[in-house]
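Below is one structure, written out as structure tokens, with a few remarks after it.
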Amino acid sequence: MNERDRIISDIIESTHQFIRSLRGKPSEWFEVNVTIAQWKTLLVLYEKGHASMGELAEALDTGVSTVTGIVDRLVDHGLVVREEDRHDRRVVVGRLTTAGQELVENVYVSHRDRIKLILEQLTLDELQLVIQASQALCAAAQRVYPTAVAS
């Protein structure tokens, strides 16, 4: 293995360890009482604001009938509502309820807070290195995945 490949491997391992440290206690995730498919659906709706069943199916790489069942259960849990599309009343769109939005935001906030606690352990010089590395990674990601939306 050459030096470049070794460094890339070390970065991947280090990143994996960092991500594992962000997971928190398993009990925190048990409070999110939805399946993985339901969670993915909530995330798509959170990012898009609303989506038709066809748009959800495409985003989740599954069929409309599967998405319809997932949305049915999310509606039953009070996390999603169905509405007529503003531009085409024949189309039904899903939108997060306040409870659905709060659920996603609580997980995001918890994640952000864990990162903040870790970053607060670094010196100013270390923080400057982290931001430079982070910016370099973002620029490389944009080159590899130019259609990814920056937020």
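I'd like to know if the range 94-114 contains one or more residues that are acidic (Asp, Glu) and not in a helix (DSSP H, G or I). No. Within the range 60-73, the set of residues being over 13 Å from Gln38 (Cα atoms) and either touching a helix residue (DSSP H, G or I) at 6+ places or on another chain (Cβ under 7 Å) or among the polar types (S, T, N, Q) (or both) comprises Gly63, Val64, Ser65.
Residues considered: Val64, Val75. Of these, the only one that is of a type outside the set (D, E, K, R), modelled with pLDDT of 95 or more and surrounded by fewer than 17 Cβ atoms within 10 Å (Cβ to Cβ) is Val75. In the range 91-125, the residue that is surrounded by the fewest Cβ atoms within 10 Å (Cβ to Cβ) out of those that are within 19 Å of Arg73 (Cα to Cα) and of a type outside the set (Val, Ile, Thr) is Ala99.
Of all the criteria given as (1) surrounded by fewer than 17 Cβ atoms within 10 Å (Cβ to Cβ); (2) over 18 Å from the mean Cα position of the chain (by Cα), the one not satisfied by Met53 is (1).
Out of the residues in the range 56-74 meeting the condition of being among the polar types (S, T, N, Q) and over 14 Å from Lys40 (Cβ atoms), tell me which one is nearest to the chain's Cα centre (by Cα). Step by step, filter the range 56-74, then rank; the result is Thr68. Evaluate the range 89-96: report whether one residue or more is modelled with pLDDT under 95, basic (Lys, Arg) and on the phi < 0 side of the Ramachandran plot. Checked the range 89-96: at least one residue is modelled with pLDDT under 95, basic (Lys, Arg) and on the phi < 0 side of the Ramachandran plot.
Exactly one condition in (1) within 30 Å of Ala133 (Cα to Cα); (2) in contact (Cβ under 8 Å) with a residue 60 or more places away in the chain is not met by Leu42; state its number. Leu42 satisfies every listed condition except (1).
The values are calculated or read from the model by the stated rules, or taken from the named source; none is laboratory data. A quick note: this is a predicted structure, and the numbers were derived from the prediction, not measured. Don't worry about glycine lacking a Cβ; one is built from the backbone with ideal geometry, like all the others, and counts go over all protein chains shown.
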